[in-house]
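Before we start, here is the structure in question, set down as structure tokens.
The values are calculated or read from the model by the stated rules, or taken from the named source; none is laboratory data. For clarity, every value in this text was computed on a predicted model and none was experimentally measured. All Cβ positions, even for glycine, are placed from backbone atoms using ideal geometry, and neighbour counts span all protein chains on display.
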Amino acid sequence: MSSQDISEENLPSEQGSAHGAVEVADDPFADPGLPAHKPRIQDIDEKAARRSERTVAFLFTLSMLATIGFIASYVAFPVDKIVYIWPLGHVSALNFALGTTLGVALFCIGAGAVHWARTLMSDVEVADERHPIAAEPEVKAKVMADFRAGAEESQLGRRKLIRNTMFGALALVPLSGVVLLRDLGPLPEDKLRKTLWAKGKQLINMNTNEPLRPEDVAIGSLTFAMPEGLTEEDHNFNNEIAKAALMIVRIQPADIKDKRELEWSHEGIVAFSKICTHVGCPISLYEQQTHHVLCPCHQSTFDLSDGAKVIFGPAGHALPQLQIGVNDEGYLEALGDFEEPVGPSFFERG
Ligand code: FES
């Protein structure tokens with residue numbers, strides 16, 4: 001047997017696979033290559049392809065309707081309406097409607113895209129060589145050509161019904177988020193300008209719930225007050241007290257540096273908003289020697305003997321002062337509302 005016979009008869013034969021790998025006859029680890037492509041029903045039957053097209057269009061249209069339903073639910077259902085839905089029990093009608101419609105809208109877009117890809121887009125498998133990472137210009141050109149071929153195979157241009165309904169569904173679904181932005185508003189307008197304080201309203205000690213007399217306020221003490229008529233049972237108590245809460249201190253009139261502060265005080269008793277003008281924490285620490293009050297949140301410090309001006313920290317404005325006096329019965333009363341908005345200074349301040 002010649003050496004040529006040995007090489008031809010005894011050595012395993014080799015052939016290229018569809019992957020480009022070398023196959024060795026009788027080798028159990030040889031690359032079998034890709035299976036033959038089996039055309040789907042939609043590839044050979046235009047009627048089946050049209051059915052798939054209508055299914056995809058139906059899903060995208062359903063998504064559009066669900067998005068419209070989301071917006072309609074947002075407008076139609078009151079926030080506090082509770083309904084019984086089996087098996088969930090008692091739930092918010094608004095939350096249930098919003099969740100259901102948004103879920104259907106997103107699901108239908110996903111299901112439509114998957115059905116489109118599985119039934120109408122090309123499913124021919126191809127194998128490619130692994131290339132160096134840095135692409136040559138001709139590789140880039142090939143990628144662009146493949147991209148264009150993929151766009152052609154997706155039939156986006158030919159299946160106008162799918163294309164139009166898909167764009168409609170994708171264009172409408174973000175509206176759900178846009179509508180929810182409405183919950184950020186409305187702007188506070190004049191709500192921060194108006195508090196429950198008005199001329200003649202007595203100052204009520206928040207600890208004792210009793211009207212305050214000047215003799216109840218000792219030098220060096222810090223008293224918190226709220227307007228008469230406000231009780232913790234009121235449904236809007238938290239909102240109102242968050243705007244109207246007062247700090248009352250008594251300072252020797254001679255120590256008051258700000259002229260308007262002196263005029264708005266009663267025998268050295270001054271009333272300032274308790275709400276920090278930085279981001280609205282309640283101020284609670286008073287240093288009687290210096291007449292400074294400190295906000296515990298970010299350490300803004302205000303000088304109550306000088307118009308409650310900011311002397312340290314991030315607050316941007318002095319604490320608003322309430323003008324006070326004494327009524328015929330000897331109780332401290334407000335002589336009007338605050339003249340400027342209370343609380344954080346990031347709102348419009350006129
Ligand atoms: S809230 Fe008072 S310093 Fe920030």
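To keep it simple, each residue is scored yes or no on (1) modelled with pLDDT of 95 or more; (2) in contact with a Ser or Thr (Cβ under 8 Å, 6 or more places away or on another chain); (3) buried (at least 17 other Cβ atoms within 10 Å of the Cβ).
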position: Ala21; (1), (2), (3): no, no, no
position: Arg40; (1), (2), (3): no, yes, no
position: Glu46; (1), (2), (3): no, no, no
position: Met64; (1), (2), (3): yes, yes, yes
position: Tyr84; (1), (2), (3): no, no, no
position: Thr101; (1), (2), (3): yes, yes, yes
position: Ala105; (1), (2), (3): yes, yes, yes
position: Cys108; (1), (2), (3): yes, yes, yes
position: Met121; (1), (2), (3): no, yes, no
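Test each condition in (1) touching a strand residue (DSSP E or B) at 6+ places or on another chain (Cβ under 6 Å); (2) at pLDDT below 95; (3) away from the ligand (no atom under 16 Å from the Cβ) for Leu230 and report the one that comes out false.
(1)
Here's a follow-up. Anything in region 285-296 that is more than 9 Å from the ligand (Cβ to nearest atom) and either in contact (Cβ under 8 Å) with a residue 24 or more places away in the chain or in contact with a Leu (Cβ under 8 Å, 6 or more places away or on another chain) (or both)? List them, or say none.
Leu285, Tyr286, Glu287, Gln288, His291, His292, Val293
Here's another thing I want to ask about it. Out of Ile256, Ile251, which single residue is more than 13 Å from the ligand (Cβ to nearest atom), touching a helix residue (DSSP H, G or I) at 6+ places or on another chain (Cβ under 6 Å) and of a type in the set (Val, Ile, Thr)?
None of the others qualify; the one that does is Ile256.
Here is a further query. Please find, among Ala242, Ala318, Ala308, the residue that is farther than 20 Å from Leu203 by Cβ, within 16 Å of the ligand (Cβ to nearest atom) and of a type in the set (Gly, Ala, Ser).
Ala318 is the lone residue from the list that is farther than 20 Å from Leu203 by Cβ, within 16 Å of the ligand (Cβ to nearest atom) and of a type in the set (Gly, Ala, Ser).
Would region 152-159 turn up any residue that is in contact (Cβ under 8 Å) with a residue 24 or more places away in the chain, farther than 16 Å from Gln42 by Cα, out of contact with any Gly (no Cβ under 6 Å at 6 or more places or on another chain) and assigned by TED's automatic domain parsing to the domain that holds Ala76?
no
Now, a different point. Tell me the residue from Glu329, Glu333 that is more than 14 Å from the ligand (Cβ to nearest atom), on the phi < 0 side of the Ramachandran plot and in a loop (DSSP other than H, G, I, E, B), please.
Glu329
Something else now. Which residue, of Leu161, Leu120, Leu156, Leu172, is of a type outside the set (Ser, Thr, Tyr) and under 25 Å from the mean Cα position of the chain (by Cα)?
Matching residue, one of Leu161, Leu120, Leu156, Leu172: Leu172.
Quick check on region 275-283. Is at least one of its residues over 18 Å from Phe224 (Cβ atoms) and without any contact (Cβ under 8 Å) to a residue 60 or more places away in the chain?
no
Continuing with this model, one more query. Go through region 259-283 and give me each residue that's more than 16 Å from the ligand (Cβ to nearest atom), part of a strand (DSSP E or B) and under 15 Å from Leu319 (Cα atoms).
Val270, Ala271
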